[in-house]
Amino acid sequence: MIRCAGCLLALGWLFPALAAPASNALSHSVGTELVLPLGSLPERVCWYQDQKYSQGARIQQGDLWLECTPQQAMETNGPLIWREVTTPSQSGEPEGNQRTIRVGQ
């Protein structure tokens with residue numbers, strides 16, 4: 001009797017597996033092409049008072065001059081940060097060629 005009950009249990013576990021429909025595994029080929037929509041890449045800008053500044057921009061904050069430069073000198077596409085410069089004429093240009101540009105709100 002115990003043998004018969006064991007056989008029935010075994011058949012009960014096996015039967016649902018046999019009755020289940022065969023699953024159709026779909027295969028998808030995935031290409032290696034990466035497509036990014038325009039404007040999805042981060043901009044390389046420095047921010048100051050909710051305004052964007054490009055690389056090389058200089059601003060004066062109090063007595064300090066700050067320049068928007070790459071965070072890592074060896075990277076050409078990395079993030080930009082503000083770095084302190086000692087004088088506004090550090091670019092090597094004569095003092096007469098420099099202008100101050102003010103951006104309105």
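Where a number appears in this text, it was derived from the coordinates with a stated rule and is not lab data. Predicted model, so just to flag it, every value in this text is computed and none were measured. Every residue, glycine among them, receives a Cβ derived from its backbone with ideal geometry; neighbour counts consider all protein chains shown.
Spacing of the modelled spin labels on residue 32 and residue 44, each 7 Å from Cα toward Cβ, amounts to 2.6 nm. Taking amide hydrogens as placed 1.01 Å from N in the peptide plane, the amide H of residue 57 sits under 5 Å from those of 68, each at least 5 positions away in sequence or on another chain.
Each residue of the range 63-74 was assigned a 3J(HN,Hα) from its phi angle through the Karplus curve 6.51 cos²θ - 1.76 cosθ + 1.60 (θ = phi - 60°); the sequence is 8, 9, 9, 10, 10, 7, 9, x, 5, 10, 4, 7 Hz, with glycine and proline shown as x. Applying both filters, DSSP loop and at most 12 other Cβ atoms within 10 Å, to the GluC sites (Glu not before Pro) of the range 44-89 gives 75.
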